[in-house]
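Worksheet: one structure, shown below.
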Amino acid sequence: MIANPMNDFTSQHYETERLKYAKTIQQALDQTLTPAHLSGPGKAPEQLVNAMRHGALNGGKRLRPLLVMQAAKIFGIPQNLSLHAALSVELVHCYSLVHDDLPAMDDDDLRRGQPTVHKAYDEATAILAGDTLLAQAFALLADEQCHQDPQIRSSLVLELAKGAGAGGMAGGQALDLEGEKGGFSMNDISRMQDMKTGALITSSVRMGAILGGADQPQLAALTTYGQAAGRAFQLADDILDITASAEQMGKATGKDAARSKPTLVARIGLDAAKTHLGETIHKALSALLIFGAEADGLRATAIYFAERKN
């Protein structure tokens, strides 16, 4: 159990807030992933749209868009004005899951308790669904409804591209596949996880800060928070891969060890990993000391990353 530094933001209150945000994101995704919104210049094929919806709408905790909206809220940005940016991050995350589940990657049959997209449809359709989810993410950021200032929209596009690209999530996935061959040091594992998982989480927080017009000290603090939160999320995920059941996780567990994936848990052991997780959450919370109660949402999310059960 991580010590909670907040006064009034109880775990029950947080769970209510998290579910409310998740419902908002779910409804917005449902409205966005339709033939009417996805068509142009031609009409979007029905099977492709259905595959996209399968990959994006079948559950999910919506934590990355939550981080966007919580970071923006620090600066008084209302939820409706951060929604486009939040949706863009979630679409990138969903695309990455669709592609990660493919036989050429992690070869998973289940995601969120449902057949993965390539199992529900076929591999080619899954690849195209992921491609199109990614494309739609940047369409949302380029839309004037995202922000009236084109410079802000440009900054958001650049931030998400970096978080998702070769120096971020996609590059981290490439390193993950390389690491299965062996030879990774502790630093190699940390670098891979910072990119594969941490980069998009950090970008989510930074995008909220960009929307809010954060100054350099504020952006630096939120970047440190995002980096630590990303490490904590991945570390908790690696711990759950060992300790949780497939039913709890909604996907196969124990696959990291089976595929000889390089993880900190495998390298330092479960008890040491749990201790390191607590230290990482402390670093995330400490980064927010320059903010008051307006950052309690981010504080609670960091704690949730460590204490989640799936």
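Key figures for this structure:
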| read-out | value |
| --- | --- |
| Simple label model, 7 Å out from Cα along Cβ direction - D107 to Q151, nm | 5.1 nm |
| Length gained when the stretch L289-L19 is fully extended (0.36 nm per residue, less Cα-Cα span) | 94.6 nm |
| Theoretical gain in end-to-end length, E46 to L270 [0.36 nm per residue, Cα-Cα removed] | 76.1 nm |
| Only Lys, Arg (+1) and Asp, Glu (-1) charged, at Cβ; the chain dipole about Cα centre in debye | 320 debye |
| Set of region 87-114 residues, backbone N closer than 12 Å to the point 7 Å along the Cα-Cβ line of A246 | 108-111, 113-114 |
| Region 226-237 - phi-based ³J(HN,Hα) in whole Hz, Karplus 6.51/-1.76/1.60, Gly and Pro as x | x, 5, 5, 4, x, 5, 5, 4, 5, 5, 4, 5 |
| Long-range HN-HN contacts of G165 with modeled amide H, under 5 Å | A170 |
| Stretch gain in nm, segment A174-D122, where the contour uses 0.36 nm per residue and the Cα spacing is subtracted | 16.4 nm |
| Summed residue charge, Cβ within 14 Å of P45's Cβ, Lys/Arg positive, Asp/Glu negative | -1 |
| Sum of side-chain charges, D122 neighbourhood, beta-carbon under 14 Å (Lys, Arg +1; Asp, Glu -1) | -2 |
| Cβ-based exposure ranking for H276, H147, in which fewest neighbours within 10 Å come first | H276, H147 |
| Whether region 11-307 is rounded, prolate or oblate, judged on the alpha carbon gyration tensor where a/c under 1.5 counts as rounded | oblate |
| Gaussian network model of the chain, springs between alpha carbon atoms under 10 Å - residue of M52, M192, M105 with greatest fluctuation | M105 |
| Tensor-based shape of region 102-230 (alpha-carbon gyration tensor, a/c under 1.5 rounded, otherwise prolate or oblate) | oblate |
| Top of R62, R191, R111 by mean-square fluctuation, Gaussian network on the chain, Cα under 10 Å | R191 |
| Proximal aspartates and glutamates relative to K274, as straight alpha-carbon distance under 16 Å, when same-chain residues fewer than 8 apart are discounted | D237, D238, D241, E307 |
| In sequence order, calculated HN-Hα J values of region 96-110 (Karplus, 6.51, -1.76, 1.60; Hz; x Gly/Pro) | 5, 5, 4, 6, 4, 6, 4, x, 6, 10, 8, 6, 9, 9, 10 |
| Region 11-307: relative contact order in percent, alpha carbon pairs under 8 Å with at least 6 residues between | 19 percent |
| Footprinting exposure proxy for C146, C94 (fewest neighbouring C-beta atoms within 10 Å first) | C146, C94 |
| L110 long-range amide H proximity, modeled H, under 5 Å | T116, A252 |
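Coordinate-derived values only; no laboratory data. Because the structure is a prediction, the values reported are computed rather than measured. Note: ideal-geometry Cβ built from the backbone for every residue, glycine included; neighbour counts use all protein chains shown.
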